[in-house]
Each structure stands twice: as structure tokens, then as C-alpha cells.
Amino acid sequence: MDLHLKEVSGNEMKLGDGGAFDALIEFNRAFNAGDLDGLQSVWLGETEPSMDNPIGGIHLGWTQIAVGYSKLFKGQTTLHVTFFDFTSQGGDDWHLFVGRERGTCSTPNQALDVAFRTTRWFIRRDGAWRQLHHHGSVEDPKMLAAYQRLIFG
């Protein structure tokens, strides 16, 4: 893995080795583009995956996760984040990325700088890396309240 990268926005060149880092890059590319099909190709399907974050709460299974992303992408809010300050460890069939995200959440009328603590857990299934779990949290309660107001109105 190319450990010299200090941040991942999704605009980076993939390593092309079919590894977990390429899946992380593809996740960020799809998320920042609001590309639900692209996200589905990175997430594990069916009922196994889970996501827990301050906006959507706990989502179990791809169907619930997709509903959460759809609400975000179809609203008036645009969210763009970069993953940084992360660790990367794994084995033959699992990989864990733990770090931070920073970015901007904006509507036509206002913008907010956002910051999250983020964990992304990928597993290798049928020769491909798929995201099994995502956990996001917020350290700053004032930023979280402002972020929720932008998302929910």
C-alpha cells in the first residue's frame, strides 16, 4: 500500500492492485460525487453492512444505508469531505481505516466547515474489497447542532 498519502478525497489515482486502499479511494469518490450506484459498488450488499453516524443514526443492511445516502444526496445540502490523519491496518481478508474527515457542508444559502472522527472497516468478499461498517462521530457539539440544522432544515 502507498502509505505516503496523507489524505483521501477520492480524486487520487488508485494503486490498481485491487486492494482495500483502492476501495477507500472509490468510496470517497462516490460519496463526494453523490453517486449512490458508486457507493453500492463499494459497500457489502444485503443485510450484513452497518453504519452509525450523528445524522442517520444506526442503519443495518445496504437498503437502510442507501436510504440514508439518498436523503442526503437528494436534499439541498452538498457535503464534501476528505479523509486524513488516519491509520491503516489489515490482514488478508479485512482492513480497518481509522481517522478523521474534514470538509464543507453547504446549502444554497450557507456553508459550514465540518469535522468527523471516522472508522471504515472493509472485508474481502469474492475477491473484492467491500465496506462492512462505517462509524462517524463528532467532537464539537456546536458544530453537530449546526450540521443537523443544515441537513434537516
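The values are calculated or read from the model by the stated rules, or taken from the named source; none is laboratory data. Just so it is clear, the structure is predicted and the values come from calculations on it, not from any experiment. Protein only, heavy atoms only, side chains kept; ligands, DNA and RNA dropped before computing areas. Shrake-Rupley method; radii C 1.70, N 1.55, O 1.52, S 1.80 Å.
A few comments on the model shown:
- With protein chains left intact and a 1.4 Å probe, residues in region 7-153 average 52 Å² of accessible area per residue.
- When the Gaussian network model of the chain links Cα atoms closer than 10 Å, the mean-square fluctuations of GLN89, GLN76, GLN131 top out at GLN89.
- Relative contact order %, the chain, counting alpha carbon pairs below 8 Å whose residues are six or more apart: 21 percent
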